[in-house]
Amino acid sequence: MLKQRIITAAILLPVALIGFFLLEGLAFALFIGVVVSLGAWEWARMAGYTAQPARVAYALLVVALLVVLYSLPALAPWLLAASVLWWLAATGLVLNYPDSQRHWRGRAGSLVIGLLILLPAWQALLVLKRWPEGNWLIVAVMVLVWVADIGAYFSGRRFGRRKLAPQVSPGKSWEGLVGGLLASLLVTLGVGLYRGWSARELVLALLGAAVVVLISVVGDLTESMFKRSAGIKDSSQLLPGHGGVMDRIDSLTAAVPVFAVLLWLAGWGAW
């Protein structure tokens, strides 16, 4: 299993870096669109559709909506605003699982939620790509999430006692959450000091990083909630040793739109 994980990661990492740094415009949108479409194919299974025609049809629906969004960039702020509202609602659903199932369980509702998860993530990446230092903004949000994941893993193993959401993901602990958050804040602080940010900029960056990391945890737990409801362990087996695409991007689907909205509120870029 470890060998498979290493081989898969060694293949995916350069592909991801090439896609993020070398592709622009439509090519970048298509690159991210492929990932999102695969995620949609997996999400249909979590929504209760096991037959391939239905899963492919949902993925094609997502592709069609991506084309519409690409053609109508003025929809971006509305879509990202809807994403922020969704992730606030998702926090409540995760905290109240399994009772919260009555609000979303069912194929139609689950498919709509899939759109609220996947489409804004794609849109946010396109927005970030157009803004100043766009490539590095994308790297920054990914590093924040990855550092938080690593910090949570090690602090959870060492200090984990109190379960964060036992009905959703029994392996996660409050201690792990705190450890991951502190790790990401330390990285943010280091970057801020290195770049000579003012005290105000540093405080805002730390607050923003905390929000992004916390919402990334909600993204992770939301996918776990749907997988648990569907009775599956991994979203698919597309990535040997890693599960499926959604298993790798669940945290980012929440973090990236919120990251983009926070940067916009800070005046970094315009829609």
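Each value in this text was obtained by applying a stated rule to the coordinates, not by laboratory testing. Because the structure is predicted, anything quoted here is derived from the model rather than measured. Note: ideal-geometry Cβ built from the backbone for every residue, glycine included; neighbour counts use all protein chains shown.
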* Could you work out the local net charge near S224, counting Lys and Arg as +1, Asp and Glu as -1, over the other residues with Cβ closer than 12 Å to its Cβ? => -1
* **Longest to shortest principal axis, alpha-carbon extents of the range 2-265, angstrom** => 54, 47, 39
* Net charge over other residues, Cβ less than 15 angstrom from the Cβ of A29 (K, R count +1; D, E count -1) -> +1
* Is the shape of the range 105-224 rounded, prolate or oblate, going by the alpha carbon gyration tensor and its root eigenvalues a ≥ b ≥ c, with a/c under 1.5 for rounded and a/b larger than b/c for prolate? -> oblate
* Asked: Once phi is turned into ³J(HN,Hα) by the Karplus curve 6.51 cos²θ - 1.76 cosθ + 1.60 with θ = phi - 60°, what whole-Hz value does each residue of the range 156-168 show in order, with x for glycine and proline?
  -> x, 5, 7, 10, x, 10, 8, 6, 6, 8, x, 6, 9
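Any chance you could count the Lys pairs in the chain whose alpha carbons are under 27 Å apart, treating pairs 8 or more apart or on different chains as valid?
Lysine pairs satisfying the spacing and distance rule in the chain number 8.
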